[in-house]
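To start, the structure under review is shown below, and the notes come after it.
The values are calculated or read from the model by the stated rules, or taken from the named source; none is laboratory data. Because the structure is predicted, anything quoted here is derived from the model rather than measured. Every residue, glycine among them, receives a Cβ derived from its backbone with ideal geometry; neighbour counts consider all protein chains shown.
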Amino acid sequence: MHSPPEPDDHGDHLPVDCDACQTALRSPNRQTVSFLLVDQYTVPVVGCEDHLEQFATICGLTTPDTAQLLSHLPAGGIQCPSCRLARHSSQQVLIPVGDGAAGILACEDHMTTMATRFKTGLETKRKLLTDIERFQ
Ligand SMILES: [Zn+2]
Ligand SMILES: [Zn+2]
């Protein structure tokens, strides 16, 4: 079994190869923060468009509904009060996505939820690929 490397502690240099992600993660603002909708959760995420798209797709594998990525705050807003606060703090967890990363700006609970979803989604994706190979 081979598991993905643990994310490094991030100091000044973020452990992210993608320049667009780096830029977005350094200065999360209205333009770079998107909102990921999965089931009942609305989670602010930051990163470049490409990698957030990948992140959303993989999280979407863990739900019968599709994960939606919005560039603006949805009408209902963020339900969780702790997430609303986290959005304005510098608290940010990086989840490696390919050669980029998605920064999750959520409370600890929802951060963990999203990290777990992403991990489960990756496993689902890997299994799907293995199944395809087997049937070819
Ligand atoms: Zn990127
Ligand atoms: Zn929350």
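Taking T63 as meeting all but one of (1) away from ligand 1 (no atom under 16 Å from the Cβ); (2) crowded, with 18+ Cβ neighbours inside 10 Å; (3) within 20 Å of K119 (Cβ to Cβ), write down the number of the exception.
The failed condition is (2).
Could we say that T113 is more than 22 Å from C48 (Cβ to Cβ), more than 16 Å from ligand 1 (Cβ to nearest atom), surrounded by 12 or more Cβ atoms within 10 Å (Cβ to Cβ) and in contact (Cβ under 8 Å) with a residue 60 or more places away in the chain here? Steps first, answer last, please.
On the way: more than 22 Å from C48 (Cβ to Cβ): yes; more than 16 Å from ligand 1 (Cβ to nearest atom): yes; surrounded by 12 or more Cβ atoms within 10 Å (Cβ to Cβ): yes; in contact (Cβ under 8 Å) with a residue 60 or more places away in the chain: yes.
Yes.
Report every pair of residues separated by at least 6 positions or lying on different chains whose Cβ atoms are under 6 Å apart, first residue within segment 54-72 and under 15 Å from S34 (Cβ atoms) and touching a residue at least 60 places away in the same chain (Cβ under 8 Å), second part of a loop (DSSP other than H, G, I, E, B) and not aromatic (F, W, Y).
What qualifies is C59/A67; G60/T66; G60/A67.
Conditions tested, residue by residue: (1) more than 13 Å from the chain's Cα centre (by Cα); (2) surrounded by 12 or more Cβ atoms within 10 Å (Cβ to Cβ); (3) at pLDDT below 95.
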position: V46; (1), (2), (3): no, yes, yes
position: A56; (1), (2), (3): no, yes, no
position: A75; (1), (2), (3): yes, no, yes
position: I78; (1), (2), (3): yes, yes, yes
position: S82; (1), (2), (3): yes, yes, yes
position: E108; (1), (2), (3): yes, yes, yes
position: F118; (1), (2), (3): no, yes, no
position: L128; (1), (2), (3): yes, no, yes
